[in-house]
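Report on one structure; see the data block that follows.
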Amino acid sequence: MARAGLLLVALGVSCAPPGRGPPVPQESPGVAIRINQLGYRPDAPKVGVACALEPRVIATFRVVDERNRTVFGPRAVDAAGPFGPCAATYRLDFSALRRPGVYSIMAGGAISLPVRISDDVYRGAADSLLAYLREQRSGYNPVFRDSVHQRSDGVLVDHPTRSGEFIPVSGGWADASDYLQYGATTAHATTMLLLAHRDHPEPFSDRFQANGLPGANGIPDVLDEARWGLAWLLKMYPEDDLLLNQLGDDRDHTFWDLPVNDSADYGWGRGGRRPVYPCTGNPQGLFENKNRSTGLASTAGKYAAAFALGAAAFTGRDSAFARRLAGRARAVYALGAAHPGVCQTAPARSPYFYEEDDWADDMELGAVELYALTGERTYFDAALQYAALAPVSPWMGQDTARHYQWYPWHNNGHYEVWRAGPDSARRLVAGYYRRGLEAVARRARNGFRIGIPFIWCSNNLLASFATQATFYRRMTGDSTFVEYETAALDWLFGTNPWGVSMVIGLGDAYPRTPHSVVAERLHLQLTGGLVDGPVYRSIYEHLRGIRLLEADEYAAFNTGFIVYHDDVGDYSTNEPIMDGTANLAYVLAAGAPGAGREE
Ligand SMILES: [Ca+2]
Ligand SMILES: [Ca+2]
């Protein structure tokens with residue numbers, strides 16, 4: 001309740017005359033009403049969820065306006081059974097309320113946070129995510145107005161003949177709250193930014209320069225950010241036969257330092273040079289832990305897609321840059337085709353790495369983007385062959401998966417095949433998407449309509465599920481999965497047991513103490529980072545080195561099979577992630593069901 005009190009002070013409404021102010025959010029008695037804190041478009045499905053911590057019956061709910069007048073209901077609730085900490089859940093469907101305004105939902109003696117209905121509830125949301133990417137920049141960093149790892153990156157390691165050679169690879173984004181950097185996640189993030197701008201340019205503004213400092217430069221900031229990613233990926237693919245995989249490694253975790261004075265020691269002294277790993281096609285790891293890499297295609301396909309999309313995006317803006325990207329796209333795609341298999345991230349002292357097991361999805365995307373760029377039919381034929389090897393992202397419908405095992409969590413390639421292909425191919429890939437969506441929906445009969453497995457980075461799975469559902473709806477006009485698509489976005493913005501918006505700075509109750517050195521040391525309010533999200537209790541309890549640093553304000557809601565902690569000590573649920581943030585940019589730019597733009 002302290003949080004709600006602070007909120008009201010911040011909004012300046014604590015002095016409203018008695019009886020005239022909006023209802024104060026409350027969770028008593030043992031009931032909490034969860035809503036999408038961004039709000040709802042007038043024509044969108046609108047469902048809040050009441051979570052009762054003890055078994056009890058709630059029959060009706062109503063919606064009141066800012067003057068506490070009932071404007072909707074009482075209506076019957078939809079009883080949906082237990083979920084996580086909730087002994088009972090109730091779906092509160094107020095879709096029929098379309099009049100723009102600010103409301104509250106009342107049920108079972110509880111009152112929700114403010115419920116906004118407006119056409120512009122998603123305005124600025126996609127753009128705000130970019131703030132987190134700017135904050136994560138390596139090379140020149142606009143938050144510190146200083147260089148980050150500019151001279152230390154990097155020394156080639158684990159190469160059969162060239163280990164020890166310095167290769168200039170400064171740039172890109174730190175992956176999360178540590179500072180190591182991955183080609184695979186950077187390429188996926190860059191691709192999502194380029195797709196978001198290509199399909200939905202309207203929401204993106206121009207308020208920052210290429211170097212990330214304030215000031216317009218005539219280029220939408222989403223393209224400035226995508227170019228930042230592309231520039232680093234070009235450095236990470238310096239020669240036709242040298243595809244670089246990773247910069248730094250988990251020895252980076254030794255110190256809790258700001259990026260500008262990172263003390264990590266990789267064998268060249270504290271704060272010295274950082275190692276850069278190539279994709280070798282063989283298991284990697286300089287110490288006792290090894291990954292299970294088998295080839296180059298998973299990473300090569302991702303680079304090819306980002307380069308080809310970048311070439312298309314920059315053709316009219318910087319033709320020399322676009323030509324260079326097009327050439328690198330062809331080369332890295334050919335390298336991947338020659339070396340099928342996965343290039344996983346390299347562990348060092350800790351056993352964790354990104355255990356990607358699928359590569360045909362990545363080669364499909366690389367091939368189809370090269371087809372879109374060049375019109376050469378062989379690329380399209382290859383894309384269809386790869387698509388048949390990766391019809392459904394294998395996590396969909398499952399209880400669990402290994403860390404980053406099926407990455408990215410949605411197959412962008414199918415949507416791109418649909419854009420480029422004949423009707424027969426379009427039907428095929430729409431059917432692939434449908435199978436995945438059905439598999440998740442079958443597991444989503446709970447009150448929150450959530451069917452993903454709660455593995456590490458569950459929020460990324462939800463962003464991907466929503467993206468795939470958005471693609472499918474656009475491809476087919478079939479709205480079968482809108483309820484689940486909406487629920488995924490609602491969950492990310494507060495319709496979850498904890499009532500937390502999972503994007504820092506968006507909504508009323510968002511992570512205040514994320515696992516971030518920059519936020520903690522500088523007492524800086526980050527903006528725009530998507531945190532990992534809830535995990536199975538069994539995962540949380542078995543990860544190494546997790547210790548909460550303060551009392552758990554969500555303890556009452558951490559009694560079930562999934563947990564979330566707004567605590568700087570919890571790197572499993574409360575760490576903002578670069579690729580998840582960029583992944584979410586696409587659906588936020590698309591604007592959720594009810595946007596009317598894409599229909
Ligand atoms: Ca700009
Ligand atoms: Ca993959």
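The values are calculated or read from the model by the stated rules, or taken from the named source; none is laboratory data. Note that the coordinates shown come from a computational prediction; the quantities given were computed from them, not determined experimentally. Positions of Cβ are generated from backbone atoms using ideal geometry, with glycine treated the same way; all protein chains shown enter the neighbour counts.
One residue alone among Arg434, Arg442, Arg426 is among the charged types (D, E, K, R) and under 22 Å from Gly301 (Cα atoms), and that residue is Arg426.
Within segment 187-212, residues that are on the phi > 0 side of the Ramachandran plot and at pLDDT 95 or above reach partners that are outside any helix (DSSP H, G or I) and among the basic types (Lys, Arg) with beta carbons closer than 6 Å, at six or more positions or on different chains, in the pairs Gly212/Arg137. Counting the residues of segment 480-517 that are free of Cβ contacts under 8 Å to residues at least 60 places away in the same chain, closer than 18 Å to Arg41 by Cα and assigned to a loop (DSSP other than H, G, I, E, B) gives 1. A count restricted to segment 535-554 and to residues that are loosely packed, with under 12 Cβ neighbours inside 10 Å and either under 22 Å from the mean Cα position of the chain (by Cα) or under 17 Å from Val500 (Cα atoms) (or both) stands at 1. If you go through segment 209-223 and keep only what is of a type in the set (Val, Ile, Thr) and near ligand 1 (Cβ under 6 Å from one of its atoms), you end up with just Ile219.
Just for segment 440-456: of the residues that are within 30 Å of Leu309 (Cα to Cα) and modelled with pLDDT of 95 or more, which one is farthest from the chain's Cα centre (by Cα)? Ranking the qualifying residues of segment 440-456, first place goes to Val440. Within segment 374-386, identify whether any single residue is in contact with an Asp or Glu (Cβ under 9 Å, 6 or more places away or on another chain), in contact (Cβ under 8 Å) with a residue 40 or more places away in the chain and either within 16 Å of ligand 1 (Cβ to nearest atom) or at positive phi (or both), and answer yes or no. No, segment 374-386 has no match at all. Would you check if there is a residue in segment 420-432 being out of contact with any helix residue (DSSP H, G or I) (no Cβ under 8 Å at 6 or more places or on another chain) and surrounded by 24 or more Cβ atoms within 10 Å (Cβ to Cβ)? So far as segment 420-432 goes, no, none of its residues is out of contact with any helix residue (DSSP H, G or I) (no Cβ under 8 Å at 6 or more places or on another chain) and surrounded by 24 or more Cβ atoms within 10 Å (Cβ to Cβ). Is it fair to say Ala184 is closer than 22 Å to Thr467 by Cα and either within 16 Å of ligand 2 (Cβ to nearest atom) or in a loop (DSSP other than H, G, I, E, B) (or both)? Yes, satisfied.
Of all the residues in segment 45-69, those that are part of a loop (DSSP other than H, G, I, E, B) and crowded, with 23+ Cβ neighbours inside 10 Å number 1. No other residue among Phe307, Phe321 is crowded, with 20+ Cβ neighbours inside 10 Å and either in contact (Cβ under 8 Å) with a residue 40 or more places away in the chain or in contact with a helix residue (DSSP H, G or I) (Cβ under 8 Å, 6 or more places away or on another chain) (or both) apart from Phe307. Whether any residue in segment 113-130 is surrounded by 23 or more Cβ atoms within 10 Å (Cβ to Cβ), touching a residue at least 40 places away in the same chain (Cβ under 8 Å), in contact with a strand residue (DSSP E or B) (Cβ under 6 Å, 6 or more places away or on another chain) and part of a loop (DSSP other than H, G, I, E, B) is what I want to check. There is no residue in segment 113-130 that is surrounded by 23 or more Cβ atoms within 10 Å (Cβ to Cβ), touching a residue at least 40 places away in the same chain (Cβ under 8 Å), in contact with a strand residue (DSSP E or B) (Cβ under 6 Å, 6 or more places away or on another chain) and part of a loop (DSSP other than H, G, I, E, B).
Within segment 193-208, how many residues are within 15 Å of ligand 1 (Cβ to nearest atom), part of a loop (DSSP other than H, G, I, E, B) and within 20 Å of the chain's Cα centre (by Cα)? Here the count works out to 3.
Among residues belonging to segment 144-162 that are out of contact with any strand residue (DSSP E or B) (no Cβ under 6 Å at 6 or more places or on another chain) and not in a strand (DSSP E or B), point out the one that is nearest to Leu230 (Cα to Cα). Only one residue tops the list, namely His149.
Residues in segment 328-364 that are more than 16 Å from Asn245 (Cβ to Cβ), hydroxyl-bearing (Ser, Thr, Tyr) and surrounded by 20 or more Cβ atoms within 10 Å (Cβ to Cβ): Tyr333 alone. Of all the residues in segment 230-261, those that are farther than 17 Å from Tyr182 by Cβ and not in a strand (DSSP E or B) number 9.
Checked across segment 74-93, the condition of being modelled with pLDDT of 95 or more, over 30 Å from Val535 (Cβ atoms) and crowded, with 19+ Cβ neighbours inside 10 Å holds for no residue.
Evaluation of Gly327 against the conditions (1) in a loop (DSSP other than H, G, I, E, B); (2) away from ligand 2 (no atom under 14 Å from the Cβ) shows that the sole unmet condition is (1).
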